[in-house]
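Since the structure comes first, as structure tokens, the remarks are kept for the end.
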Amino acid sequence: MASATTLVMVVAAVACLCAPAAAGDGNADATRQPPVVSGLSFDFYRKSCPKAKSVVRKFVRDAVRKDIGLAAGLLRLHFHDCFVQGCDASVLLDGSATGPGERQAPPNLTLRPSAFKAVNDIRDSLEKACGATVVSCSDILALAARDSVVASGGPEYKVPLGRRDSAEFASQQDVLSGLPPPTAAVPALLDALAKIKLDATDLVALSGGHTVGLAHCSSFEGRLFPRRDPAMNATFAGRLRRTCPAAGTDRRTPNDVRTPNVFDNMYYVNLVNREGLFTSDQDLFADAATKPIVEKFAADEKAFFDQFAVSMVKMGQISVLTGSQGQVRRNCSARNPGTVAAGDLPWSVLEVADSFVF
Ligand code: HEM
């Protein structure tokens, strides 16, 4: 077990290798930008809503100044949208007669209500600026996530736009299988990401989103009780136990123990010091497939920022709806009036349809 002195030395050694912060200094290396999916483009709203990007940027900047936690909330909301049925804003839909919405599924219960409200408020501002069904809720999520990263000190990057919104939400089971649990180790995480064409580098870079925000004790208490996970630093575990003294405590603690409200590379320095909160975090430093990437990002903030930008653009294009697919929702929480989703057909209609088949 490392002594406190050794730990301080590790932090100091890693910290002094860090490149200066690259916040707001433009896009990631253009040569490494992932391809833009057909149907999306950087200037999608050039004619229909030229102010779209600046409206979202200003809203997020002002709102995050008042509540820094909103940045984490908006970033996580985009991730939870994209990993389940693609980036189609389905996570925002209220439940209906067909069943509970994605928001009711266990991994989504801790999404911040303030983030859902912010998306609706942004949509209202965009309606005033450009009309009711011009900018999609899924594009608002992608822009708000990027602007949250920038507002908390992270990298600037360009967001491809033109996503359309789904009229249907995913099942509770799809949410559970799309979003890996915090107890997952690297092989399971890699499997989950491979299904949506993300690799080990994307996994490590995107997990860097845990440089901001909070987690409930329930998300990591299995690493404290009945006994400490040996992969967790003992001093760190002792501090966590002050917030979460017993299993079942309903409290929250920062994801990043060093700089909880700043988007920087300290998340990786934490992992090197065995101060990652979840198994899904700490195992990135234990598994040979991901350890060198963690070490690189811990030592070089610019390398992390560049890769984070690339991986966010990749994540933001998962199974997007474009062109005439889906719809641009008038209200981000409900599909447009008159839209019939497959699961909504009354059984009597389905029966009639069946009778045609036979
Ligand atoms: C790789 C698998 C991932 C797992 C297993 C995971 C798991 C979690 C869990 C359990 C929480 C805490 C929830 C709570 O207890 O309240 C959390 C918070 C958070 N996650 Fe992840 N996450 C993953 C990936 C990501 C990605 C890809 C991003 C963004 C790029 C992200 C961004 C966040 C943020 C910002 C928070 C804090 C939210 C807040 O404070 O409201 N996570 N994550």
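A few points about this structure:
- Of the residues making up the stretch 86-125, those that are within 15 Å of Leu143 (Cβ to Cβ), more than 14 Å from the ligand (Cβ to nearest atom), touching a Phe, Trp or Tyr at 6+ places or on another chain (Cβ under 9 Å) and among the aliphatic types (A, V, I, L, M) are Leu92, Ile122.
- Between Ser280, Ser319, the distinction of being within 18 Å of the chain's Cα centre (by Cα) and open to solvent by 40 Å² or more (accessible area, probe 1.4 Å) belongs to Ser319 only.
- The stretch 270-299: number of residues that are over 17 Å from Val212 (Cα atoms), more than 15 Å from the ligand (Cβ to nearest atom) and not in a loop (DSSP other than H, G, I, E, B): 6
- When the stretch 191-213 is filtered for residues that are in a helix (DSSP H, G or I), among the hydrophobic types (A, V, I, L, M, F, W, C) and open to solvent by less than 40 Å² (accessible area, probe 1.4 Å), the ones remaining, listed by number, are Ala192, Leu193, Ala200, Leu203, Val204, Ala205, Leu206.
- Condition check for Asp199: free of Cβ contacts under 8 Å to residues at least 24 places away in the same chain, within 14 Å of the ligand (Cβ to nearest atom) and not aliphatic (A, V, I, L, M): yes
Every residue, every condition in (1) touching a Ser or Thr at 6+ places or on another chain (Cβ under 8 Å); (2) among the aliphatic types (A, V, I, L, M); (3) surrounded by 24 or more Cβ atoms within 10 Å (Cβ to Cβ), yes or no:
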{"site": "Arg65", "(1), (2), (3)": "no, no, no"}
{"site": "Ile68", "(1), (2), (3)": "yes, yes, no"}
{"site": "Gly73", "(1), (2), (3)": "yes, no, yes"}
{"site": "Arg76", "(1), (2), (3)": "no, no, no"}
{"site": "Phe79", "(1), (2), (3)": "no, no, no"}
{"site": "Gly86", "(1), (2), (3)": "yes, no, no"}
{"site": "Leu93", "(1), (2), (3)": "yes, yes, yes"}
{"site": "Ser96", "(1), (2), (3)": "no, no, no"}
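- If the condition is being more than 11 Å from the ligand (Cβ to nearest atom), open to solvent by 60 Å² or more (accessible area, probe 1.4 Å) and touching a Pro at 6+ places or on another chain (Cβ under 9 Å), then the stretch 172-190 contributes only Leu176.
- The set of residues in the stretch 255-277 that are of a type in the set (D, E, K, R) and crowded, with 22+ Cβ neighbours inside 10 Å comprises Asp256, Asp264, Arg274, Glu275.
- Condition met for Gly213 (in contact (Cβ under 8 Å) with a residue 24 or more places away in the chain and either more than 9 Å from the ligand (Cβ to nearest atom) or farther than 24 Å from Arg112 by Cβ (or both)): no
- Within the stretch 60-85, the only residue that satisfies the criterion of being within 12 Å of the ligand (Cβ to nearest atom) and either free of Cβ contacts under 8 Å to residues at least 60 places away in the same chain or of a type in the set (Ser, Thr, Tyr) (or both) is Asp67.
- Residue within the stretch 164-174 that is farther than 27 Å from Asn336 by Cβ and in contact (Cβ under 8 Å) with a residue 12 or more places away in the chain present: no
- Hits in the stretch 151-171 (condition: more than 30 Å from Gln33 (Cβ to Cβ) and surrounded by fewer than 22 Cβ atoms within 10 Å (Cβ to Cβ)): Ala167, Glu168, Ser171
- Selection within the stretch 300-316 - open to solvent by 40 Å² or more (accessible area, probe 1.4 Å), more than 13 Å from the ligand (Cβ to nearest atom) and not in a loop (DSSP other than H, G, I, E, B): Lys302
The values are calculated or read from the model by the stated rules, or taken from the named source; none is laboratory data. It should be emphasised that the depicted structure is a prediction, and the values quoted were computed from it without experimental measurement. Glycine also receives a Cβ, built like all others from the backbone with ideal geometry; neighbour counts cover every protein chain displayed. When the accessible area is computed, the model is the full protein with side chains, heavy atoms only, and any ligands, DNA or RNA have been set aside. Shrake-Rupley method; radii C 1.70, N 1.55, O 1.52, S 1.80 Å.
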